[in-house]
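The values are calculated or read from the model by the stated rules, or taken from the named source; none is laboratory data. Being a predicted model, the structure only gives us computed values, none of them experimental. Note: ideal-geometry Cβ built from the backbone for every residue, glycine included; neighbour counts use all protein chains shown.
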Amino acid sequence: MTFQKVNLRMLAESLNAQLSGNETAEVSSVTHDSRQAREGSLFAAIRGLTMDGHRFIDDVIRRGAVGIISEFDPPNQFKGAWLKVADARESLAKAASVIYGNPSHDIKLVGITGTNGKTTTTYLCFALAEANGEKAAMLTTVEYRIGEKSVEAIRTTPEASDTNKFLRESVEMGCQTAVMETSSQAIDLHRCDWLRFKVGIFTNLTRDHLDYHLTMENYFDAKKKLFDGRLGEKPASCVINIDDEWGAKLANQLKANGQRVLTFAQDNQADLTAENIEVSLIKGTSFLLKTPNRERQITSPLVGRPHVYNMLAATAASLELGFDLDKIVNGLETCVGAPGRFERVQHDRDFAVVVDYAHSDDALLNTLKTARDLTKGRIITVFGCGGDRDKTKRVPMGEVAGRNSDLVIVTSDNPRTEEPLKIIEQIEVGLKNTNCPFLSISDRREAIHQAISKAKPDDVVIIAGKGHETYQIVGNEKYHFDDREIAREALDKLKDE
């Protein structure tokens, strides 16, 4: 990949930075990660909650970095260039956009935000672009992909320097469309600043991340930044779910500001709607797609009404990108979605096993409602809650599981530095508000084995919370753990008994 070199004095002017040191140096890359610093790099020293980038200044200079972005004055006798700025994260985003040549201006970029549905909608948008003959790229919770080239994702939305570098590489590799998940925290931390979005998608807003945002109003406001211009530019088009009360509020506000808004819904009148929805574990989901101008019958391998919202969102965005409706339909009917999103574990028993990423009360409710619509037997739910994350959703998740399951097995998710049994006790408070029988088994492998061993004909076993993840974090250690593998292990054990 080729990089243009940017004069440090010119860059400092664009950042409104106070520059000291070598003003004529040329910069070819920018990073927040000291391990990525190299000859010609600019290093943004960010002071986070657990790590202070200033600790690595000597290291990045030894690696060849030409300068530092910081909110503080340079240390005594510092020999490199120093750019003192008001906000290091915001400046990192602006610097990345400039240094990598504003790559979001050279590609049709779709940004997707919301509590649930972001990943599947991203996969759908990617598939619909390919169905229309375009090479596409995507940044998701699961993977970062350019065409067929893929690497495992580090986080849902990368830092601005990584995103701009990724987009520049995508452009150079011939991509015409790129799709990315934009999490509320990433937006709030300026990771999406100065990106030019052709389309912004709002899926929904339900309780999550309140440990960070504190209130639903703050959470909504962070999402709203994707649409209202506070990131630098407004999207050319806004695609909004108006069955969601926060989405309806957002659509009204954006329309009042004169922005282009395309709405979608299942229950309300909207620009794109779905009628005659039918869902089957065997056949997938079918519905009548109604767009502003035409109708098409859709049969998708994705299972569940929540996926209908995702398909409506992706279709609306694709129409705004100028894609052909018949090719969109072909893409919808062949896309299998994202890993770990109501993913069926294949086996020959007379019950179903489903792995799903649901890790909020609303997402779990949607998953269990989908399962209830599809099964003649019982629903056995295995789930836990992540440690060092939003504690306010633990009781509600227990209640949702209890009210919508026939048996619940509470277990560990990624406990991180919290005591697993204490997390389970908090979930149990919600379960005890229901009449559902439950077991508490801290060991997730044992919990999955127990659930599958108890399944009878026509039952559905839902293993929720981790989805595509292939690890479990206990303390500060990360271990290999894949719910799908453990489920197959448990199913194989049944054959031997």
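Only a single item in (1) under 22 Å from the mean Cα position of the chain (by Cα); (2) surrounded by fewer than 24 Cβ atoms within 10 Å (Cβ to Cβ); (3) in the same structural domain as I240 (by TED's automatic domain parsing) is not met by L365, and it is number (3). Taken over region 154-165, the criterion of being over 14 Å from I112 (Cβ atoms) and either surrounded by fewer than 23 Cβ atoms within 10 Å (Cβ to Cβ) or of a type in the set (K, R) (or both) is satisfied by I154, R155, P158, D162, K165. Residues that are over 18 Å from L128 (Cα atoms) and either touching a strand residue (DSSP E or B) at 6+ places or on another chain (Cβ under 8 Å) or at pLDDT 95 or above (or both) are absent from region 312-323. Quick check on region 138-149. Is at least one of its residues under 16 Å from the mean Cα position of the chain (by Cα), surrounded by fewer than 22 Cβ atoms within 10 Å (Cβ to Cβ) and among the acidic types (D, E)? Yes, the conditions are met somewhere in region 138-149. Return the residue satisfying two criteria in turn: it lies in region 368-392 and is surrounded by 24 or more Cβ atoms within 10 Å (Cβ to Cβ) and small (G, A, S), and of such residues it is nearest to the chain's Cα centre (by Cα). This residue is G384. Per the listing T177, T182, the residue uniquely in contact with a Lys or Arg (Cβ under 6 Å, 6 or more places away or on another chain), buried (at least 22 other Cβ atoms within 10 Å of the Cβ), among the polar types (S, T, N, Q) and modelled with pLDDT of 95 or more is T177. Here D193 passes the criteria (1) in contact with an Asp or Glu (Cβ under 9 Å, 6 or more places away or on another chain); (2) modelled with pLDDT under 95 except the one numbered (2). Residue pairs whose Cβ atoms lie under 6 Å apart, sitting 6 or more positions apart in sequence or on different chains, and linking a residue in region 4-30 that is surrounded by fewer than 16 Cβ atoms within 10 Å (Cβ to Cβ) to a partner that is among the basic types (K, R), are Q18/K84; E23/R9; E26/K5.
Just a yes or no: is a residue in region 241-253 buried (at least 16 other Cβ atoms within 10 Å of the Cβ), outside any helix (DSSP H, G or I), among the small types (G, A, S) and modelled with pLDDT of 95 or more? No, that holds for no residue. Scanning region 185-195 for residues that are of a type outside the set (D, E, K, R) and within 29 Å of E245 (Cβ to Cβ), we see that the one that is surrounded by the fewest Cβ atoms within 10 Å (Cβ to Cβ) is Q185.
The set of residues in region 463-481 being surrounded by 20 or more Cβ atoms within 10 Å (Cβ to Cβ) and assigned to a strand (DSSP E or B) consists of I463, A464, Q472. Return the only residue of I46, I68 being in contact with a Lys or Arg (Cβ under 7 Å, 6 or more places away or on another chain) and under 20 Å from A93 (Cβ atoms). That would be I46, the only listed residue that is in contact with a Lys or Arg (Cβ under 7 Å, 6 or more places away or on another chain) and under 20 Å from A93 (Cβ atoms). Going by the conditions given, is K198 modelled with pLDDT of 95 or more, among the charged types (D, E, K, R) and either buried (at least 17 other Cβ atoms within 10 Å of the Cβ) or outside the structural domain of V303 (by TED's automatic domain parsing) (or both)? Judged against the criteria, K198 is a match.
Of everything listed in (1) surrounded by fewer than 15 Cβ atoms within 10 Å (Cβ to Cβ); (2) in contact with a helix residue (DSSP H, G or I) (Cβ under 9 Å, 6 or more places away or on another chain), the single unmet condition for N310 is (1).
Against the test of being over 30 Å from R196 (Cβ atoms) and over 24 Å from the mean Cα position of the chain (by Cα), the options K283, K327 yield a single qualifying residue, K283. When region 281-326 is filtered for residues that are assigned to a strand (DSSP E or B), free of Cβ contacts under 8 Å to residues at least 40 places away in the same chain and either among the hydrophobic types (A, V, I, L, M, F, W, C) or outside the structural domain of T121 (by TED's automatic domain parsing) (or both), the ones remaining, listed by number, are F287, L288, I298. Within region 79-116, the set of residues being under 14 Å from the mean Cα position of the chain (by Cα) and crowded, with 24+ Cβ neighbours inside 10 Å comprises V110, G111, I112, T113, G114, N116.
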